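What follows is a single structure, written as structure tokens, with notes after it.
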Amino acid sequence: MDSGNQLQSQGYAADITSIKEAKLRISPYIHETPVLTSKSLNSIARKQLYFKCECFQKGGAFKIRGASNAIFSLSDDQAAKGVVTHSSGNHAAAVSLAAKLRGIPAYIVIPENAPRCKIENVKRYGGQVIWSEPTFQSRENVAKKVQQETGAIMVHPFNDKYIISGQGTISLELLEQIPEIDTIVVPISGGGLISGVTLAAKAINPSIRILAAEPRGADDAAQSKAAGQILRLPETKTIADGLCAFLGDLTWPVVRDLVDDIITVDDEAIIEAMRMCYEILKVAVEPSGAIGLAAVLSDQFQQSAAWKDSNNIGIILSGGNIDLGVLWKSFGK
């Protein structure tokens with residue numbers, strides 16, 4: 001049995017077949033994003049780094065991949081009443097944009113503390129903003145109420161097979177662009193991105209190493225993996241606003257079984273990685289997008305057994321939607 005069929009037999013929410021189907025479905029609506037390198041950053045890391053620039057994606061983040069796959073998978077009858085979701089920003093914008101491309105309404109539940117730039121993206125793409133309190137439970141409750149009132153289809157930000165398959169198209173691109181990659185570092189939150197990336201990458205190359213990067217102030221995935229069960233934190237506190245969700249029942253099995261390790265970093269390391277992306281790579285990334293570089297440069301990774309076997313490292317720069325006011329404060333200005 002080949003590696004792709006082995007993963008399919010495990011019953012995960014997505015597989016290499018669904019991810020390849022997603023690539024065909026969404027190709028008219030997304031960018032194939034470039035991979036950048038930097039000799040300076042290679043020297044600092046003492047490894048060959050390849051940055052997959054999803055910050056250049058439509059909507060400014062990888063989320064359009066999953067959102068367009070989910071929305072363009074709907075039948076005309078399903079789509080007629082529109083879609084609803086809840087998100088702190090990037091998924092919200094992606095659903096708004098994908099719905100606009102399909103010509104259907106998008107009802108977007110956004111927490112009151114979401115970054116202004118991400119809220120403006122939702123409005124720019126025509127999403128109808130509905131506010132919630134700044135907790136995940138409030139987001140879910142408000143979204144369910146909107147769904148009941150409108151009949152719209154829920155497009156979950158991560159715990160959905162079409163979302164996971166869409167995000168997995170990143171691996172298809174990246175490993176076509178740079179086949180020699182032996183390790184991929186992926187931001188982790190609800191797990192949709194890392195699940196798709198992992199399932200595709202391990203089907204293509206079973207020996208590839210997948211490392212998750214997580215803020216120390218929102219380290220539920222690391223704690224869950226250590227405990228062997230999903231754990232939710234009473235609160236999260238991190239500059240990486242896009243990495244505060246908790247794993248779902250569809251994403252957790254992939255993280256549990258196939259993600260090789262989870263590296264946690266503090267906000268200071270994330271801010272420094274952002275600075276490096278700006279000053280050396282010349283790319284604007286949000287905190288959630290820079291965390292992969294922070295993880296690669298961390299003592300936790302460089303002192304691990306995996307470090308010496310990781311030579312060609314792919315880092316997913318997941319998004320570039322930045323609230324400049326918050327950023328300015330973060331850089332100590």
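With all protein chains kept in place, the per residue accessible area of the chain amounts to 40 square angstrom at a probe of 1.4 angstrom. Shown in residue order for region 265-277 are the 3J(HN,Hα) couplings computed by the Karplus curve 6.51 cos²θ - 1.76 cosθ + 1.60 at θ = phi - 60°: 9, 8, 5, 4, 5, 5, 4, 5, 5, 4, 4, 4, 4 Hz (x for Gly and Pro).
Express the carbon and sulfur contribution to the solvent-accessible surface of the chain as a percent, rounded to the nearest whole number, probe 1.4 angstrom. After summing per-atom areas, the C and S share lands at 48 percent. Here the dipole of region 96-160 is about 260 debye; that uses its Cα centre as origin and unit charges on the Cβ of Lys and Arg (positive) and Asp and Glu (negative).
Sequentially through region 291-300, phi angles give Karplus couplings (6.51, -1.76, 1.60; θ = phi - 60°) of 5, x, 5, 4, 5, 4, 8, 6, 4, 4 Hz, Gly and Pro residues having no value and appearing as x. Summary of packing: across the peptides 287-295, 316-324, the per-residue average of other C-beta atoms within 10 Å ranks them, highest first, as 287-295, 316-324. Close amide H partners of residue 319, meaning residues 5 or more places away or on another chain with modelled amide H under 5 Å apart, are 55, 286, 289. Ligands, DNA and RNA excluded, the heavy atoms of residue 252 present near 20 Å² of accessible surface to a 1.4 Å solvent probe. In region 25-106, Cα pairs under 8 Å separated by at least six residues give a relative contact order of 28 percent. The length gained on full extension between residue 43 and residue 80, counted as 0.36 nm times the residue separation minus their Cα-Cα distance, comes to 8.0 nm. In this structure the amide hydrogen of residue 262, modeled in the peptide plane, comes within under 5 Å of the amide hydrogens of 212, none closer than 5 places in sequence on its chain.
So I have (i) 19.3, 57; (ii) 22.3, 83; (iii) 18.3, 57, and one of them is Rg and Dmax of the Cα atoms in Å calculated from this model. Which one is it? Structure-derived value, by its label: (iii). In order along region 214-228, the phi-based Karplus estimate (6.51 cos²θ - 1.76 cosθ + 1.60, θ = phi - 60°) of 3J(HN,Hα) comes to 9, x, 5, x, 8, 9, 4, 5, 4, 5, 5, 5, 5, 7, x Hz; Gly and Pro are listed as x. Going 7 Å from the Cα of residue 237 toward and past its Cβ, which residues in region 280-297 have a backbone nitrogen under 15 Å from where you end up? Under cut-off, by backbone N: nothing.
By a 1.4 Å probe calculation restricted to protein chains, residue 136 has an accessible surface near 30 Å², given to the nearest 10. Of the GluC sites (Glu not before Pro) found in region 140-210, the ones in coil according to DSSP and having at most 11 other Cβ atoms within 10 Å of their Cβ are 180.
Each Lys and Arg contributes +1 and each Asp and Glu -1, all at the Cβ; summed about the Cα centre of region 135-268, the dipole is approximately 500 debye.
Taking amide H positions as modeled 1.01 Å from N, with prolines and chain starts lacking one, the residues under 5 Å from residue 314 and 5 or more places away or on another chain are 50, 182, 183, 184, 185.
The values are calculated or read from the model by the stated rules, or taken from the named source; none is laboratory data. Not measured: the values here are computed from a predicted model. Glycine gets a Cβ as well: all are built from the backbone with ideal geometry, and neighbour counts include every protein chain shown. We work out accessible area using only protein heavy atoms, side chains counted, and drop any ligands, DNA or RNA first. Shrake-Rupley method; radii C 1.70, N 1.55, O 1.52, S 1.80 Å.
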